[in-house]
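Structure record follows, encoded as structure tokens.
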Amino acid sequence: MHKAISLVVDGIPADDVARILEREVYATMQRHMKSAGILRRAGEVAPAMGLIGTLIGLVQMLGRLEDPSTIGPAMAVALLTTFYGAVLANMVFTPLASKLERNADVEAQVNQIYAMGTASIGRQENPRRLEVALNSILPLRARPLFRLSATRT
């Protein structure tokens, strides 16, 4: 918001301000989606890593069959790696990726509102027009219950 207002105050044309802010929103979204993609990929790979750990544990267990007291602990380690892989995928990585994507969408919408508002200020538009434009991009439940033009004293 500070940068947007600074651009308007510096006399940058409103259309240029809007383009600059759109590029910044796009670049920010790309960074966030790349991060979410990494977390999603980790969520896809974690179960496989758990299974690989299970196989390693089973190989160790089968290598020590002559000592029956080592079978139980080796089997426990083998099964725990599968459990850890599933937990990391379904309770850590995938939910984090989803939350990052949701937060990125909200941040992009807020930045879009900033861009529209500052461009409108730069064009010296009627506040009622800005209100209608801003309400058009907000979901119905997020729109204010009052209208800027309807407030009278």
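The values are calculated or read from the model by the stated rules, or taken from the named source; none is laboratory data. Note that this is a predicted model, so its numbers are computed, not measured. Here the Cβ is made from the backbone with ideal geometry for all residues, glycine too, and neighbour counts use every protein chain on show. Heavy atoms of the whole protein, side chains included, go into the accessibility calculation; ligands, DNA and RNA do not. Shrake-Rupley method; radii C 1.70, N 1.55, O 1.52, S 1.80 Å.
Remarks
- Rounded tilt (10° steps) of 14-63 against the dominant C-alpha axis of the chain: 10
- Simple label model, 7 Å out from Cα along Cβ direction - R19 to R141, nm: 3.8
- Of all accessible heavy-atom area on the chain, the percent that carbon and sulfur account for (1.4 Å): 64
- Folded to 0 to 90 degrees: helix 71-87 orientation relative to the chain principal axis, Cα: 10
- Between helix 127-137 and the chain: long-axis angle, C-alpha atoms, 0 to 90°, nearest 10: 20
- Using the Cβ-Cβ distance between R64 and A86 with R0 = 22 Å, the FRET efficiency computed as 1/(1 + (r/R0)^6) comes to roughly 0.25.
- Convex hull per residue volume in Å³, alpha carbons only, for segment 90-134: 52
- Based on the Stokes-Einstein relation at 4 °C and a viscosity of 1.567 mPa s, and on the Kirkwood radius from alpha carbon pairs, the chain is assigned a translational diffusion coefficient of 65 µm²/s.
- Mean Cα-pair separation over length for the chain, i.e. relative contact order, pairs under 8 Å, 6 or more apart, %: 35
- Per residue, in Å², the accessible surface of segment 38-115 once ligands and nucleic acids are set aside, probe 1.4 Å: 65
- Considering only A142, T54, F93, the residue lying farthest towards the positive end of the dipole of segment 40-153 is A142, judged by Cα position with unit charges set on Cβ.
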